[in-house]
1. 5 Å is the cut-off here: which amide hydrogens, built 1.01 Å from N in the peptide plane, fall below it relative to residue 30, excluding neighbours closer than 5 in sequence?
2. List the residues whose amide H sits under 5 Å from the amide H of residue 209, counting only those 5 or more places along or on another chain, with H placed 1.01 Å from N in the peptide plane.
3. Do any of 17/210; 18/195; 18/71 go past 18 Å between their Cα atoms, and which?
4. Using a simple charge model, +1 on the beta-carbon of Lys and Arg, -1 on the beta-carbon of Asp and Glu, nothing else, what dipole does the stretch 104-208 show about its Cα centre, in debye to the nearest 20?
5. What distance in nm separates the simple spin-label points at residue 71 and residue 209, each placed 7 Å from Cα in the Cβ direction?
6. Can you find, among 85, 49, 98, the residue farthest towards the positive end of the dipole of the chain? Put +1 on the C-beta of Lys and Arg, -1 on that of Asp and Glu.
7. Using only the Cα atoms of the stretch 81-126, construct the convex hull and provide its projected area averaged over every direction, in square nanometres to one decimal.
8. Please report the net charge: other residues with Cβ closer than 13 Å to the Cβ of residue 59, K and R +1, D and E -1.
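No value in this document is a laboratory result; all are computed from the given coordinates. What you see is a predicted model; the values in this text were computed from it and never measured. A quick note on method: Cβ atoms are made from the backbone with ideal geometry, for glycine too, and the neighbour counts reach across all protein chains shown.
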Amino acid sequence: MSCSITLKELSYENSSKKIFENVNLNVGHEEKVAIVGANGAGKSTLLRVIAGLEYSYKGDLELFHNKISSKKEYKKFRSDIGYLPQDVNDYFLCPVVIEDVMFNLRAKGINKEEAYCKALNILESMNISHLKDRTIFDLSGGEQKIVALASILITEPKILLLDEPTNALDSSAEKRVVDILNSIKKSMIIVSHHKTFIQKLAPTVYTLNKNGLELN
């Protein structure tokens, strides 16, 4: 199976302590895996490393069998990675839902009419088209999370990195996210504390601890 993501002996430390070490992982093409672990184990930091947002790591990170050692090397894969942070408060670039979902398409040069149609289609597929003209910061936390996910999926990334994607979602919204993620064929790494959500989505689950990743 072709690997989308490969980590070899990966470690990361900040100015005060080592966050994690000895992380080894292969995520195959269209494979869905979940990572669990105690608070402070470094799960979110690990996702940020894979997302190209943290570079002071040791070890090897490979995307599609290409070793990544710098921002420059990561740049050509940037559009292949869709990263949903745990806290989406600072994620949005436009004040209105439909404008924000359109933004990445417009940035790629897609004309306004086509971008609008695609944005409306994805909002409809996620059952949130009624939010299209709402102001982002008037939405609930759960609604903001789903809008952020829509703005990622519209760009059709090959890999999804999802950090606590069900935080602030009610049961109906969570079910919709599960259905959406199960319906799309992409490689995914999901960090979550929600066991029921993981069981519905990711057949492979790892625990991140001081020894690295251990298969559950």
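1. Amide H to amide H, under 5 Å and 5 or more residues apart or across chains, residue 30 pairs with 187.
2. Amide H to amide H, under 5 Å and 5 or more residues apart or across chains, residue 209 pairs with 214.
3. 18/195; 18/71
4. 320 debye
5. Using points 7 Å along Cα→Cβ, the separation is 3.7 nm.
6. Value computed over the given set: 49.
7. Values: hull surface 15.0 nm².
Result: a mean projected hull area of 3.8 nm².
8. Combined, the nearby Lys, Arg, Asp and Glu give -2.
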